[in-house]
Amino acid sequence: MIFLRVTGIITEYNPLHTGHIHLLEEVRRLRGQDTAVVCAMSGDFVQRGDFAVLRRQARAAAAVRSGADLVLELPLPWAAAPAERFAAGGVQVLLGAGVVDTLAFGSECGDGAALSRLAAALLAEEFPALLRRELRQGDSFAAARQRAAGRLTSMEEAALLAEPNNTLGVEYCKALLRRNAPLEVLTIPRRGAAHDQEDTPLDQNASAAAIRALLRQGLREEALGRMAPAMAETYRAEEAAGRAPVFLENCERAVLARLRSMEEADFAVLDQGREGLYRRLYDAGRAAVSVEKLLAAAKTKRYPYARLRRMVLWAYLGLRPEEFPEAVPYLRVLAANETGRTLLARMRKTASVPILTKPAAANRLGKEARELFALEARAADLYALAYPNLSAASGGSLWREGPVMI
């Protein structure tokens, strides 16, 4: 099997929808039909601090049936992390494979050169001082960063940071610049609903957030109609097995119990900004009777809900950000087709870190890799407690399940 180019995509597919299909199709239209696609995909937990609506293997299999060739896992310490770390982890996975020559992603602007210029501005030596000055005005971090970036580029170009996919694209570009990576940047203009738009008209492509909102409202058929066909088929199979849909609320009492058992010092290690946000979360955790009420009580103007949600998720999973590894120590294969298997054979010679296709092989890796895999295994067991049918939530799944080969 011959393919001339290999394009990487960093994604969550939570769930996979028509916009994701559009990106896959555009990659091959612009790079050639012989282009292979490698995805670095989040596992059971996602960047905004939430449970993925379907388990990792199911989403990965749907991705391969929808046009991806190989899906590698973005490990938990990067998947459930702020955008900068999420992007850095995804880039590490793709670079670690040693075969990817292009990084593709969707953006509101579709201007890779502008996003690269913004990335360079955010990495400039003078940027931290500019950011500190803007933060003193009391606005949100995002608003302060946008104004500071505008002083190094232009306010018009910095305004691109107001859009979520543009912002994530800038983080991808920053990660590439930091590593002096030779990957080309290909950004495709996003179509349809905005990234987190939940109220999507019937004639418009729905966002993943909109599809999850429909599922939460019990509008199952409407949600399925807005997923990619392979994703809808996978969802039905997971639902029949008692494993879908997965929401944090399904095990909310377990989450609240964990929070109420923690001391203030335990919350402090979750507050990466060291700005006292942990105290608000600790106080809210004493009284709140739901996660949403807890978040509302702890929320401030300056910090987004996603930061609080990540702290809650880290608490539930027993994660300590200060212990997160700096480098991705292995590449875990989640799903592949025939082209993906050919890529894997090539990666055996080019990858800079070990490739995991059998869970038991994790025991033969170095200490940091073994600890990460054990962490993933524990987190998978806690994820399973959110299955609608607890009889499907037996522990140890990560040690039993290998890649889905299609």
TODO: Report yes if residue 371 is part of a loop (DSSP other than H, G, I, E, B), acidic (Asp, Glu) and open to solvent by 40 Å² or more (accessible area, probe 1.4 Å), otherwise no.
DONE: no
TODO: Residue by residue through the stretch 18-43, note down the ones that are open to solvent by 10 Å² or more (accessible area, probe 1.4 Å) and over 18 Å from residue 342 (Cβ atoms).
DONE: 18, 19, 20, 21, 22, 23, 25, 26, 29, 30
Open item on the list: Conditions first: (1) touching a Phe, Trp or Tyr at 6+ places or on another chain (Cβ under 9 Å); (2) open to solvent by 10 Å² or more (accessible area, probe 1.4 Å); (3) closer than 28 Å to residue 363 by Cβ. Residue 322 passes all but one, so which condition is the exception?
Closed with: (1)
- [ ] Mind listing whichever residues of the stretch 240-271 are of a type outside the set (Lys, Arg), assigned to a helix (DSSP H, G or I), touching a residue at least 40 places away in the same chain (Cβ under 8 Å) and open to solvent by 30 Å² or more (accessible area, probe 1.4 Å)?
- [x] 249, 250, 254, 266
- [ ] Go through 363, 337 for me and flag whichever is of a type in the set (S, T, N, Q) and more than 19 Å from residue 39 (Cα to Cα).
- [x] 363
TODO: Considering (1) open to solvent by 20 Å² or more (accessible area, probe 1.4 Å); (2) of a type in the set (Val, Ile, Thr); (3) within 15 Å of residue 56 (Cβ to Cβ), say which one residue 333 fails and leave the rest.
DONE: (1)
Open item on the list: With the requirement that a residue be open to solvent by 20 Å² or more (accessible area, probe 1.4 Å) and in contact with a helix residue (DSSP H, G or I) (Cβ under 8 Å, 6 or more places away or on another chain), what does the stretch 336-355 give you?
Closed with: 337, 350, 351, 352, 353, 354, 355
- [ ] Identify, by number, the condition in (1) part of a helix (DSSP H, G or I); (2) in contact (Cβ under 8 Å) with a residue 60 or more places away in the chain; (3) surrounded by fewer than 20 Cβ atoms within 10 Å (Cβ to Cβ) that residue 157 doesn't meet.
- [x] (2)
Open item on the list: Let me confirm something: among 398, 313, which residue is out of contact with any Leu (no Cβ under 9 Å at 6 or more places or on another chain), open to solvent by less than 10 Å² (accessible area, probe 1.4 Å), within 24 Å of residue 251 (Cβ to Cβ) and not in a loop (DSSP other than H, G, I, E, B)?
Closed with: 398
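The values are calculated or read from the model by the stated rules, or taken from the named source; none is laboratory data. None of these values were measured; they are calculated from a predicted model. Virtual Cβ from ideal backbone geometry, glycine too; neighbours counted across all protein chains shown. Each accessible area value is taken on the protein alone, full model and side chains, heavy atoms only, with ligands, DNA and RNA left out. Shrake-Rupley method; radii C 1.70, N 1.55, O 1.52, S 1.80 Å.
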